[in-house]
Amino acid sequence: MKVLIAVTHLLGTGHLSRALTLGRAFADAGHQVRVASGGFPAAQLNTDGVELLQLPPLRSDGVDFTRLLDETGTVTEAAYYARRQTALCAALSDMQPDILITELYPFGRRSLAAEFQALLRTAHAQPRRPVVLASIRDILAPPSKPKKATQADAMIAEFYDAVLVHSDPVATRLEVSWPVSKMLQSKLRYTGYVAPPAAMPHPLNAGRGEVLVSAGGGSVGDALFETALLAAAQMSDIPWRLLVGGSDATDRIARLIAKGSPAVIEAARPDFRQMLPLAAASVSMCGYNTALDLLQAGTPSVLIPFDAGKEVEQGLRAESLSPLDGIEVLRSSDLTPASLCAVLNAAMTSPRRATDGLLFDGATRSIEIAIGMAEGRA
């Protein structure tokens, strides 16, 4: 079958990473997959088996998701949005997919509602309408106003066959972060977490015994990196490695190196997941993909949830994980070199936590649900 996944990441790369994991799983199962990506390119992500369609890219202006910037760094104008919408709808009309998946929308990306709604109307106008699914992570940014949940419900009721919730309901249900109406409840399909297979330890022992510091694909992690450099000087008996992502990583790495720390500072690595099982500890934010990597690897972890602006998603996730062995949570307002060293030592001296017990086969289950619904329409 033919599958089209529409996704736009605006700050980090987590949304695109999850969409590509889902897309690769469809491709591995023998289906034709196209991922239409509306965020900035992320060359470090794995696109094996997936046709990646790059739309004219957008990014948020820092944590202001209502102010979007184009590829020149200027505020996006109507003509630029129109180019995106035309390319997105043309991709659907050209492909004639059996399954259409929108990542996050209509639970988020409200600033891009016009293009998503145009895509949905185009899908419903096809001679053979695709099965239409929303794909969402375990925890959403709670709606700031009741009408946002009502508007999402209206979109789901009008256009969608089901909502794929990429969570293990034993651990986290959607109600933790989003009001679930009776109608929405009937559309929910819990899949388990969408994660690639657990990584084997690095064949060259990269990362062994190190503290690995990562912060996604944007500049929002700079304060964490700078604090980590000072903490590394206080824990000089353990090697530290900072992995810096984002399109401007080269400049940011140069600024960090100029501070003269003994820590290794380099660009984000595609073999990061293989390094985690060997690491002494991980220091990171608490995005969906990072959390799953840590749960699969069992690495002692310090989580510093991203909470700038009105962001609460990562804080909710970190709170849900904090009872597990070897996981410590440090709020960004409490982040200092001394506090980081203290919680890092606590994480490393805790019992090693088990890596089983949660459902990580969300991609496989998502395929079963989607294909089953598409076959039921044949």
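The values are calculated or read from the model by the stated rules, or taken from the named source; none is laboratory data. Just so it is clear, the structure is predicted and the values come from calculations on it, not from any experiment. Cβ placement follows ideal geometry from the backbone for every residue including glycine, while neighbour counts extend to all protein chains displayed. Accessible surface is based on the protein model in full, side chains and every heavy atom, while ligands, DNA and RNA are left aside. Shrake-Rupley method; radii C 1.70, N 1.55, O 1.52, S 1.80 Å.
Annotations for the structure displayed:
- Selection within segment 188-201 - open to solvent by 20 Å² or more (accessible area, probe 1.4 Å), touching a Leu at 6+ places or on another chain (Cβ under 8 Å) and of a type outside the set (A, V, I, L, M, F, W, C): ARG189, PRO201
- In segment 4-36, the residues that are out of contact with any strand residue (DSSP E or B) (no Cβ under 6 Å at 6 or more places or on another chain) and either among the small types (Gly, Ala, Ser) or under 17 Å from GLY73 (Cβ atoms) (or both): GLY12, GLY14, SER17, ALA25, ALA29, GLY30
- Residue check, ALA231 in contact with a Pro (Cβ under 6 Å, 6 or more places away or on another chain) and open to solvent by less than 10 Å² (accessible area, probe 1.4 Å): yes
- Residue check, SER236 open to solvent by 70 Å² or more (accessible area, probe 1.4 Å), closer than 19 Å to SER60 by Cβ and part of a loop (DSSP other than H, G, I, E, B): no
- Conditions (1) surrounded by fewer than 14 Cβ atoms within 10 Å (Cβ to Cβ); (2) farther than 26 Å from SER167 by Cβ: number failed by MET348: (1)
- Of the residues making up segment 158-187, those that are open to solvent by less than 60 Å² (accessible area, probe 1.4 Å) and small (Gly, Ala, Ser) are ALA162, SER167, ALA171, SER177, SER181.
- Residues of segment 254-268 classified as more than 11 Å from GLU226 (Cα to Cα) and assigned to a helix (DSSP H, G or I), total: 1
- Filtered residue count, segment 345-376, keeping only those that are more than 22 Å from TYR193 (Cβ to Cβ) and not hydrophobic (A, V, I, L, M, F, W, C): 6
- Unique match (being open to solvent by 30 Å² or more (accessible area, probe 1.4 Å), in contact (Cβ under 8 Å) with a residue 40 or more places away in the chain and in the same structural domain as ILE139 (by the TED database)) among VAL63, VAL7: VAL63
- Residues in segment 269-323 that are assigned to a loop (DSSP other than H, G, I, E, B) and either aliphatic (A, V, I, L, M) or open to solvent by less than 10 Å² (accessible area, probe 1.4 Å) (or both): 10 in all.
- Contacts under 7 angstrom Cβ, first residue in segment 82-107 being among the polar types (S, T, N, Q), partner assigned to a strand (DSSP E or B) and open to solvent by 40 Å² or more (accessible area, probe 1.4 Å), 6 or more apart: GLN96/LYS2
- Take the conditions (1) at pLDDT 95 or above; (2) under 30 Å from ASP28 (Cβ atoms); (3) not acidic (Asp, Glu); ALA291 misses just one of them, which is (1).
- Counted residues, segment 104-120 - those being within 16 Å of SER60 (Cβ to Cβ) and buried (at least 21 other Cβ atoms within 10 Å of the Cβ): 6
- Matching option when the condition is among the acidic types (Asp, Glu), outside the structural domain of LEU321 (by the TED database), touching a strand residue (DSSP E or B) at 6+ places or on another chain (Cβ under 8 Å) and open to solvent by 10 Å² or more (accessible area, probe 1.4 Å), among GLU51, GLU77: GLU51
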